[in-house]
C-alpha cells in the first residue's frame, strides 16, 4: 500500500492536533502552528494510516523526503515500514528527524538495532518549568530579576494580549529587528523566519496561537507567541524585543509565561541552532529538560 500524503493547510488543524495534543512527545516539531507556518519551506505533508499520524517534509532543495516519528495508537512497526517503503520509492533510505529518547525507545522496541542514531545538538529543545520562568526564584535567576527590576523602574509598561489590531505593530517591531540584526551570512535564514512569523501572526486564530506583548512609551517594545505542543507543554515559537529597551527580553519572557493557561506545566523554547549567543541565553534560564533529538537512519 502507498501512503497518500496531503499538503498541510489551516483546515487540517483539528485532524493533526487530535493526535499531537494527546501525545507525550514534547518536541517543538509537533506544534501544528510550526508545521503550518513553515510549510512554504519544507513542503510539509501528512497522512493518517492505521490510527497513526504520519508527517513527511522535504529537505535539500525539496528533493529528499524525511519524516517525523509516527504519532498514534496503532501498530508502530507497520507505520514505520510504510514510511520506509515511501522513502525508498523516492530513492532514499528512511530518515526520521527529531527523534527524542522517548521516540528512540519506541522505535527500538519494534526495531532493535534497526536504526543508526545521529545526535543533533544544535536542534536539542530547551524545556522549562513554566513556574520557574514566572517566579525566577533563587540565586541562579538573580541576573534576570535585575534586568526586570531595571525595566520596571525605567518604564511605565503594560502587558497586552496580541489581538488582530496589534498585529501591524508587532510586524513593525519585527521589521526594525530584522533591519538591525540581518547580516549577509544569515540573510536567508532570517528572511525565512520573517515569512513564517508573518504568516503565523496573520493567521493566529486559525493556528490556535497565544501571543502577548509589552507596551512602553506608547509602542510595542517586545512580543512573543506560540502554540500548544501537547496537553501539558506549550511551545514558544517567536520572541522579539527592541534592544534599546534594556530588560525588554526578560520582561516579555516572564510576562508571557505568567499569562499562559496553568495547564501548561512545561514551556518549550525550541532550539539554539548552534548560535553561541542564543545557546548562552537559553542555558541562562536553567532548562528543566534539555531535550535530545537525533536523526534516525534505517539500516538496510
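None of the figures in this text is laboratory data; all of them are computed from the coordinates on show. The model shown is predicted, which means the values in this text are computed figures rather than measured ones. Every residue, glycine among them, receives a Cβ derived from its backbone with ideal geometry; neighbour counts consider all protein chains shown.
By average Cβ neighbour count within 10 Å, what is the ranking of 264-271, 30-37 from highest down? Could you put the intermediate results ahead of the total?
Values: 264-271: 22.1, 30-37: 25.6.
Final packing ranking: 30-37, 264-271.
Over all directions, average the projected area of the Cα convex hull of segment 4-115 and note it in nm².
On the way: hull surface 26.4 nm².
The Cα convex hull of segment 4-115, projected and averaged over all directions, gives 6.6 nm².
Looking only at 140, 282, 43, which one moves most when the chain is put into a Gaussian network model with springs between Cα atoms under 10 Å?
140
So how do 59, 162 line up by other beta-carbon neighbours within 10 Å, fewest first? If you can, show how the numbers build up before the last one.
Values: 59 14, 162 20.
By the 10 Å Cβ count, ascending, the order reads 59, 162.
Take every Cα pair under 8 Å in segment 6-124 that's 6+ residues apart, average their separations, divide by the length, and report that relative contact order as a whole percent.
19 percent.
Quick one: Cα centre-to-centre distance for segment 26-51 and segment 178-207, in angstrom?
18
May I ask you to give the average projected area over all directions of the convex hull of the Cα atoms of the chain, in nm² rounded to one decimal?
15.8
Distance from the Cα centre of segment 125-144 to that of segment 239-300, in angstrom?
Cα centroid of segment 125-144 versus Cα centroid of segment 239-300: 11 Å apart.
Counting alpha carbon pairs within less than 8 Å and at least 6 residues apart, what relative contact order, in whole percent, applies to segment 125-270? Write out the running numbers ahead of the final one.
Values: 218 pairs, mean separation 52.2, N = 146.
Once normalised by length, the contact order is 36 percent.
Return the ratio Rg/(2.2 N^0.38 Å) for segment 81-209, where Rg is computed over Cα atoms only.
1.56
Any idea what log10 I(q)/I(0) is at q = 0.14, 0.19, 0.22, 0.31 Å⁻¹ for segment 132-185, Debye with uniform C-alpha scatterers and no solvent?
Summing over Cα pairs of segment 132-185 leads to -0.67, -0.94, -0.96, -1.06.
What order do you get for 275, 148 when you list them from fewest to most C-beta neighbours inside 10 Å?
275, 148
Identify which of 47, 257, 222 has the largest mean-square fluctuation in a Gaussian network model of the chain, with springs joining Cα atoms closer than 10 Å.
47
Starting with the fewest neighbours, write out 124, 285 ranked by other beta-carbon atoms found within 10 Å of each beta-carbon.
With the fewest neighbours first, 124, 285 line up as 285, 124.
Before anything else, pin down the relative contact order of the chain: Cα pairs under 8 Å, at least 6 apart, normalised by residue count, whole percent.
Here the relative contact order equals 27 percent.
What is the Cα coordinate range of segment 125-270 on the first, second and third principal axes, sorted by size from largest, in whole angstrom?
Over segment 125-270, Cα extents along the principal axes are 39, 37, 33 Å.
Taking the Cα atoms only, what angle lies between the long axis of helix 142-154 and the longest principal axis of the chain, rounded to 10 degrees?
Long axis of 142-154 versus the principal axis of the chain: about 50 degrees.
Order the peptides 67-75, 185-193 from the highest to the lowest mean number of other Cβ atoms within 10 Å of their residues. All intermediate terms of the calculation are to be shown ahead of the outcome.
Numbers: 67-75: 19.8, 185-193: 12.3.
So the order, starting with the most tightly packed, is 67-75, 185-193.
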